[in-house]
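First up is the structure itself, then whatever we jot down about it.
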Amino acid sequence: MGEDELAARVAAEVSRQLEAFRKEVSGELAELRERTPLDRASLVLFSGDLDRALAAFTIATGAAAAGLETGMFFTFWGLSVVKAQTARATQKDLKQRLFGLLTPGSSESLGTSQLNFFGVGARMLRSMMKERGIASLEELMGLARELGVKLTACAMSMDAMGVAREELVDGLSYAGVAAFLAEASRSRVSLFI
């Protein structure tokens, strides 16, 4: 075997090993990128309380204003926050109609988590916020839409609680928990309120 032939074989072997190494590193980098959190915030709003909804929308609008892609997932009692004030669904059975009567009809009829006293606490909180020039829940909801916050209603919770799409505000998306988790798993910030 001549010197040129030996050099060619060594170069071919080095090239083969480098190509295998590149493929391995590329695969590991792709896997790492898949697991790396994005500039995203994901919030679950489980509560139907005014103060907690205010906190959720304050955080969501703050995150969106800071440049994070932000999504909110409304489930169970949190669906009351995104109910339209005047919308009523038809074709509900007795349990669904009764359940609808026992839950807040819109964001404007939410109670507070503490010191509600048959709605007095919520009216006082809204009044104090207005006197101090603090945005109301409804104003924060509008701001969230302007900032591009993705609002998603939990389809399973809607079915369980007898809430129809026509009862909710416009502009929502509808998904199950798997879709929310796919987004939340790539978020830098995930909150449950």
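The values are calculated or read from the model by the stated rules, or taken from the named source; none is laboratory data. What you are looking at is a predicted structure, and each value in this text was computed from that prediction instead of being measured. Every residue, glycine among them, receives a Cβ derived from its backbone with ideal geometry; neighbour counts consider all protein chains shown.
If you go through region 115-157 and pick out every residue that is within 15 Å of Arg52 (Cα to Cα), assigned to a loop (DSSP other than H, G, I, E, B) and at pLDDT 95 or above, you end up with 2.
Just one residue in the set Leu147, Leu125, Leu98, Leu94 is within 25 Å of the chain's Cα centre (by Cα) and assigned by TED's automatic domain parsing to the domain that holds Gly162; that residue is Leu147.
Looking across region 61-93, the residues that are surrounded by 24 or more Cβ atoms within 10 Å (Cβ to Cβ) and either over 16 Å from Ala153 (Cα atoms) or of a type in the set (Phe, Trp, Tyr) (or both) come down to Ala63, Phe73, Phe74.
The residue list Thr58, Thr112 contains one member that is surrounded by 19 or more Cβ atoms within 10 Å (Cβ to Cβ) and not acidic (Asp, Glu), which is Thr112.
Selection of region 130-141 for residues being surrounded by 12 or more Cβ atoms within 10 Å (Cβ to Cβ) and free of Cβ contacts under 8 Å to residues at least 24 places away in the same chain yields Ile134, Ala135, Ser136, Glu139.
In this structure, does Ala175 turn out to be touching a strand residue (DSSP E or B) at 6+ places or on another chain (Cβ under 7 Å) and on the phi < 0 side of the Ramachandran plot? In short, yes.
Scanning region 42-74 for residues that are part of a strand (DSSP E or B), among the small types (Gly, Ala, Ser) and out of contact with any Lys or Arg (no Cβ under 7 Å at 6 or more places or on another chain) returns a single hit, Ser42.
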